[in-house]
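The values are calculated or read from the model by the stated rules, or taken from the named source; none is laboratory data. The model shown is predicted, which means the values in this text are computed figures rather than measured ones. All Cβ positions, glycine included, derive from the backbone under ideal geometry; neighbour counts span all protein chains shown.
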Amino acid sequence: MRKRLAALMSALLVAGCGWGGTDAPTESGGGTIEYWLWDSAQQPGYQKCADLFATENPGLRVDISQYGWDVYWSKLTAGFIADTAPDVFTDHLNKFAQFVDLEVLRPLDDLAPTADINDGDYQEGLAELWKGQDGKRYGAPKDWDTVAMFYNPASMQAAGIDPASLNTLTWNPADGGTFEKTIAHLTIDANGVRGDEPGFDKTKVKQYGLGVDGSGGAGWGQTQWSAFTGSAGWSVTDRNPWGSRFNLDQPAFQSTLNWYFGLVRKGYMPSFAEIGGNNPVGPDKQIQSGLAAIALDGSWKISTFANLTDAAGQKLEMGIAPTPIGPSGKRASMFNGLADSITSLSEQPDNAAKWVKFMSGEQCQNIIGESGVVFPARPAGTEKAIAFNRDERKLDVSAFTDQVKDKTTFLFPVTTNAADITALMIPRMDAVYIGDEPVSSLNDLNDQLNGLFKVAG
């Protein structure tokens, strides 16, 4: 297994490796449970949960470590190899299948505190996502997310666009529909000419109608093009979860990407170089700086957008609109969920399971909901997050929640070989975004991805 882990680390490693912390005490009746997460915005809420957990479980405490996204996964993978992984960590659907294959996760069904987790306690479909092909559960649901459009109301007003019109936008790969007309009008060149006006200079754009979060190669276009491919009726694999045949060669996918990245060529969306290439300036910063008027992003970024300030340090007003309606006649959003997993290296699995059960329970999920950072997996926690955004931030977040209510979501693709898939996807999608390769070049990528499963079989 160590050889396979080393290979995985090679594929995942993008930053420094190794963990300089100390191992948790291993006594079954008490000790310190090491818990890792990557989202700094969620850490305060989970610290409240940890404090309450310690009160209810004398002799146990939780030590929380937070690392940025890239560092997080490299440290975790290095920890599996060096026997320094935490007891519990926040898991992602793009990672867990490979971790299950490598046998570095403990089945929660085999531990008494988590053996009775009930699928029906969570938003529909979330709990089932964390079951392996063996039918066992490897993660307890913690939260969920969808995608919507954040926008600057001041940009809408200056363009004479009623924000309410954003709720009914449509798109298609032929002419972009009312969505493209809107972002064209929101685009302004250095001379003040809008993208839909005569004399527009696409080589000198001051404000783009649509921001962008990179090429989407690392996460199946979740915050980039997935809302468009999804509303075109396309799916990544032949089935989900556990698909093994990819659909990147299908016309619905390629025509959508040809249109989407064509927005760069038209001057309506920033180029690969303008947003910083492989380390892009995020959509929130693009809107904050005035580089973009609208940007698609995930619900986990609500608090980030809500706290943006302008150049004078004043709070920047923010609006949220749903993803546009596509050729399928519906809008769409990828539906992703995070979970907490227990590592096979934990020497206090029962204690770790108590903490995992607590985080997935009503008390902790309500605490997280009241923080307004994410939508907790339990419906009651979600309602608290909705109320916080409505009452405290004066934000209507229904663009995110309606996707679930209206059943216009599709699941984040869960497959094995995730690290290899990502390693192949990133450079090929970057090349399409840059314009170095045509969308049709993804036919070869599709063959490569399918080949991974033939080799594995």
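Listed values, structure above:
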item	result
Helices (runs of 4 or more DSSP H) completely within segment 355-439 that count 1 or more residues being of a type outside the set (Asp, Glu) and in contact with a Gly (Cβ under 6 Å, 6 or more places away or on another chain)	362-371, 379-391, 418-434
Selection from segment 82-119 of residues that are assigned to a loop (DSSP other than H, G, I, E, B) and surrounded by fewer than 18 Cβ atoms within 10 Å (Cβ to Cβ)	ASP83, LEU102, GLU103, ALA115, ASP116, ASN118
Qualifying residue in segment 90-104 (condition: of a type in the set (Val, Ile, Thr), in contact with a strand residue (DSSP E or B) (Cβ under 8 Å, 6 or more places away or on another chain) and either within 22 Å of ASP420 (Cβ to Cβ) or modelled with pLDDT under 95 (or both))	yes
Cβ pairs under 9 Å, 6+ apart, first in segment 351-363 and within 11 Å of PHE53 (Cβ to Cβ), second of a type in the set (Ser, Thr, Tyr) and part of a helix (DSSP H, G or I)	LYS354/THR114; VAL356/THR114; LYS357/THR114; MET359/TYR46
Residue list for segment 223-240, restricted to those being out of contact with any strand residue (DSSP E or B) (no Cβ under 7 Å at 6 or more places or on another chain), over 17 Å from THR170 (Cα atoms) and not basic (Lys, Arg)	ASP238
Among the residues listed as PRO324, PRO251, the single one being buried (at least 17 other Cβ atoms within 10 Å of the Cβ), closer than 19 Å to GLY216 by Cβ and outside the structural domain of TYR122 (by TED's automatic domain parsing)	PRO324
Among the residues listed as PHE388, PHE400, PHE375, PHE412, the single one being within 19 Å of the chain's Cα centre (by Cα), among the aromatic types (Phe, Trp, Tyr), modelled with pLDDT of 95 or more and under 30 Å from GLU34 (Cα atoms)	PHE375
PHE335 vs. criteria in contact with a strand residue (DSSP E or B) (Cβ under 9 Å, 6 or more places away or on another chain) and not in a helix (DSSP H, G or I)	yes
Count - residues of segment 263-291 that are within 18 Å of ILE188 (Cβ to Cβ) and of a type in the set (D, E, K, R)	3
Subset of segment 314-326 that is part of a loop (DSSP other than H, G, I, E, B) and either touching a strand residue (DSSP E or B) at 6+ places or on another chain (Cβ under 9 Å) or hydrophobic (A, V, I, L, M, F, W, C) (or both) - its residue that is farthest from ASN152 (Cα to Cα)	GLY326
Residue check, PHE272 closer than 28 Å to LEU449 by Cβ, among the aromatic types (Phe, Trp, Tyr) and in a loop (DSSP other than H, G, I, E, B)	yes
